[in-house]
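To start, the structure itself, in structure tokens.
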Amino acid sequence: MNIPKTSFPRVVIIGGGFAGLAAVKGLKNQEIQVVLIDKNNYHTFQPLLYQVATGGLEPDSVAYPLRKVMKNLPNFYFRLAEVSKVDTEKRKIHTNIGKLKYDYLIIAAGSTTNYFGNTNIEKYSMAMKDVPQSLNLRSLIIENFEDALLTKDLEQRNALMNFVIVGGGPTGVELAGALAEMKKGILPNDYPDLDIRQMQINIVQGSNRLLKAMSEKASEKAEDFLIELGVNVWKNTHVTNYNGYNVETNTELSFEASTLIWAAGVKGATIGGLGQECVIERAARIRVDEFNAVKTHKNVFAIGDIACMETSHYPKGHPMMAQPAMQQGKQLAKNIIAQLENKPMIPYAYKSKGSMATIGRNKAVVDLKKIRFQGVFAWFVWMFVHLLSLIGFRNKAVVFFNWVYNYIRFDRETRLIIRPFKKKNKESF
Ligand SMILES: Cc1cc2nc3c(=O)[nH]c(=O)nc-3n(C[C@H](O)[C@H](O)[C@H](O)COP(=O)(O)OP(=O)(O)OC[C@H]3O[C@@H](n4cnc5c(N)ncnc54)[C@H](O)[C@@H]3O)c2cc1C
């Protein structure tokens, strides 16, 4: 991999997401060699991917070059590579560009979509976990309307304009709201010769309320906002099968829809070699102790979505969100430095700052520690927090400009098919 040999201990970090980058920042200015490895050469700001998918933002405003993060940091190296497994005995990682030895290993590879073993849904549905998937979804949404305009088959036209979103967490809710706004403000102008009123947006949630991780008030309000925007909300319903056209559920409910967006589950990314005892089967997350150390391998750590720290407060691990990922990365960097200085490590404790979701223009829900609010103010708070959290001045400025422009003009200008997406079953129905 052409990483120079050094007398400094080498910390290898797999993944330049929220957790990995927090660790990178925390290890600056130390007598440590840091090697960051990621399969992409950019960091992805996942919370805004739904805006890429619905034409509100360009993909490059939610992505940031990892080499730029490492710029001017002596002893910091980046390699574009996919890690397949860890050899804990030889203290090496295996990647598609070779092997690399580590003194300390930080696994921060995040999560991937969980289809819970349903291969049909995996094959035919759309996911939205990364930039390419969001671009695929953007293309498909627009292609559907182009196709709907051409077909004379009414059933097919309705299916092309029928969108089913599975999962009523923040991703599902935000995407449903954004699609509803496209239906209201953009599609009727773009397709004056198509009856856009026929477009249906359905959100299907397995439990009895949306945004289950938030307060009941936030759930209620989010549902009200969605209904106000014309979204059909189906609760206590599980999607059980999809063949690219027919959506089956565990109730009488079924849909004919060309697009099913799966936002109903995530599981840890796959990094092999750790042994079954280290990985929690149901969520594919790596079991760690209070210092984020992988049990039985004390110089191997896992942070962020991929890590599962079971505590009395969080028996299933911390929520798979940006806050715990960043906090764990920061804390672990301090603990590695402490270890090298023979000082005691400090156990990680999650400090939740609250959660929020936006449903559309002037519509958001915010749960902070002591105060909960919804509506216009919540929407401004949501925008402010997301703007601040974006990496890089350019991205902040571009997103801010886009939001102001979209707000004033009621527009989403990046509704472009740059890279056409061919759905697997497109020809067969
Ligand atoms: C659509 C969407 C919306 C979200 N909205 C919110 C929100 O509003 N608020 C919130 O708090 N959280 C939100 N989240 C969750 C949040 O983004 C994650 O919890 C957070 O990204 C986890 O950080 P991480 O560093 O663990 O993983 P990630 O940020 O996913 O980073 C993992 C990195 O590892 C790399 N990688 C993976 N496998 C390999 C490999 N084998 N080899 C090399 N590199 C690899 C990836 O390329 C990636 O760069 C959202 C997630 C999604 C998908």
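Evaluate region 252-267: report whether one residue or more is without any contact (Cβ under 8 Å) to a residue 12 or more places away in the chain and farther than 30 Å from residue 238 by Cα.
Within region 252-267, none of the residues are without any contact (Cβ under 8 Å) to a residue 12 or more places away in the chain and farther than 30 Å from residue 238 by Cα.
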inquiry  = Given the options 324, 319, name the one that is in the same structural domain as residue 24 (by TED's automatic domain parsing), buried (at least 17 other Cβ atoms within 10 Å of the Cβ) and within 16 Å of the ligand (Cβ to nearest atom).
reply    = 324
ask   = Is it true that some residue in region 57-73 is away from the ligand (no atom under 15 Å from the Cβ) and within 22 Å of residue 340 (Cβ to Cβ)?
value = yes
query = Under 6 Å by Cβ, and 6 or more places apart or on different chains, what pairs join a residue from region 117-129 that is more than 13 Å from residue 246 (Cβ to Cβ) with one that is among the hydroxyl-bearing types (Ser, Thr, Tyr) and assigned to a loop (DSSP other than H, G, I, E, B)?
reply = 122/115
ask   = So which residues in region 17-52 are assigned to a loop (DSSP other than H, G, I, E, B) and surrounded by fewer than 21 Cβ atoms within 10 Å (Cβ to Cβ)?
value = 28, 29, 30, 31, 32, 39, 40, 41
message = Any residue that is free of Cβ contacts under 8 Å to residues at least 24 places away in the same chain and in the same structural domain as residue 215 (by TED's automatic domain parsing) - is there at least one of those in region 159-168?
response = no
key: Among residues of region 296-316, those that are in contact (Cβ under 8 Å) with a residue 24 or more places away in the chain, touching a Lys or Arg at 6+ places or on another chain (Cβ under 8 Å) and more than 13 Å from the ligand (Cβ to nearest atom), counted   = 1
task = Output the qualifying pairs, or none if there are none: Cβ atoms under 9 angstrom, residues six or more apart or on different chains, first residue in region 39-55 and under 16 Å from residue 403 (Cα atoms) and among the aliphatic types (A, V, I, L, M), second residue near the ligand (Cβ under 6 Å from one of its atoms) and not in a loop (DSSP other than H, G, I, E, B).
result = 49/171
task = Would you mind telling me which numbered condition in (1) in contact (Cβ under 8 Å) with a residue 40 or more places away in the chain; (2) part of a loop (DSSP other than H, G, I, E, B); (3) surrounded by fewer than 20 Cβ atoms within 10 Å (Cβ to Cβ) residue 68 fails?
result = (2)
query = Can you name every residue in region 1-16 that is away from the ligand (no atom under 11 Å from the Cβ), assigned to a loop (DSSP other than H, G, I, E, B) and within 29 Å of residue 46 (Cβ to Cβ)?
reply = 1, 3
ask   = Can you pull out the residues in region 82-124 that are in a loop (DSSP other than H, G, I, E, B), buried (at least 19 other Cβ atoms within 10 Å of the Cβ) and not hydroxyl-bearing (Ser, Thr, Tyr)?
value = 108, 109, 110
note = From the option list 226, 175, 179, 160, single residue qualifying as farther than 25 Å from residue 423 by Cβ, surrounded by 23 or more Cβ atoms within 10 Å (Cβ to Cβ) and not acidic (Asp, Glu) is 226
request  = Give the number of residues within region 162-196 that are within 25 Å of the chain's Cα centre (by Cα) and either under 20 Å from residue 242 (Cβ atoms) or part of a loop (DSSP other than H, G, I, E, B) (or both).
outcome  = 13
task = Kindly indicate the residue of region 350-373 that is without any contact (Cβ under 8 Å) to a residue 24 or more places away in the chain and more than 16 Å from the ligand (Cβ to nearest atom) and also nearest to residue 387 (Cα to Cα) among those meeting that condition.
result = 362
inquiry  = Given the condition more than 30 Å from residue 339 (Cα to Cα) and more than 16 Å from the ligand (Cβ to nearest atom), answer yes or no: does some residue in region 91-113 qualify?
reply    = no
request  = Evaluate the following for residue 333: is it in contact with a Gly (Cβ under 7 Å, 6 or more places away or on another chain), more than 12 Å from the ligand (Cβ to nearest atom), of a type outside the set (Phe, Trp, Tyr) and not assigned by TED's automatic domain parsing to the domain that holds residue 400?
outcome  = yes
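The values are calculated or read from the model by the stated rules, or taken from the named source; none is laboratory data. As the structure is a prediction and not an experimental result, all values here were calculated from the model. As a convention, Cβ positions derive from the backbone with ideal geometry for all residues, glycine included, and neighbour counts pool all protein chains shown.
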